[in-house]
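To start, the structure under review is shown below, and the notes come after it.
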């Protein structure tokens, strides 16, 4: 199957046109991508705690962006997420991701979400499939 990767700006995590999405904006600096964000009560799982699935989605998006913003369009083939501490609604956090290794068509990446006091919220690792 010849999969075409096209950005129509409706990605749930970063899509500027998706009024129901998170609309995160990513920047690239020294091989790392990052984005700051704050989730609202609408994004909770248990009372006042951000849903882990949303944290996983942010980690995934950051790792794909680390590849894409460096000229390597890719899709996630495998992802592992480890939760360390809760992130509460209305609490600011930052996600940071980078490429660890490129081998043939597989890009190995890692990402972390931290609070502003540097408390680790979650970390992830992914293998991305490079779309040539």
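The values are calculated or read from the model by the stated rules, or taken from the named source; none is laboratory data. All figures in this text were calculated on a predicted structure; none of them were measured in a lab. Cβ placement follows ideal geometry from the backbone for every residue including glycine, while neighbour counts extend to all protein chains displayed.
So which of 94, 113, 99 is within 14 Å of the chain's Cα centre (by Cα), without any contact (Cβ under 8 Å) to a residue 60 or more places away in the chain and closer than 20 Å to residue 14 by Cα?
None of the others qualify; the one that does is 113.
Consider residue 68 against the criteria (1) without any contact (Cβ under 8 Å) to a residue 24 or more places away in the chain; (2) buried (at least 16 other Cβ atoms within 10 Å of the Cβ); (3) under 11 Å from the mean Cα position of the chain (by Cα): it satisfies all of them except one. Which criterion is unmet?
Status for residue 68: all satisfied but (3).
Just checking, which of 42, 57, 74 is over 19 Å from residue 116 (Cα atoms), out of contact with any helix residue (DSSP H, G or I) (no Cβ under 6 Å at 6 or more places or on another chain) and surrounded by 15 or more Cβ atoms within 10 Å (Cβ to Cβ)?
Just one listed residue meets the conditions, 57.
Taking region 79-101, which residues are in contact with a helix residue (DSSP H, G or I) (Cβ under 9 Å, 6 or more places away or on another chain) and surrounded by fewer than 16 Cβ atoms within 10 Å (Cβ to Cβ)?
Result: 83, 90.
Within region 44-55, identify whether any single residue is at pLDDT below 95 and either part of a strand (DSSP E or B) or over 20 Å from residue 6 (Cβ atoms) (or both), and answer yes or no.
No.
Assuming residue 9 fulfils every condition listed in (1) over 21 Å from residue 127 (Cα atoms); (2) modelled with pLDDT under 95; (3) surrounded by 16 or more Cβ atoms within 10 Å (Cβ to Cβ) apart from one, which condition is it?
(3)
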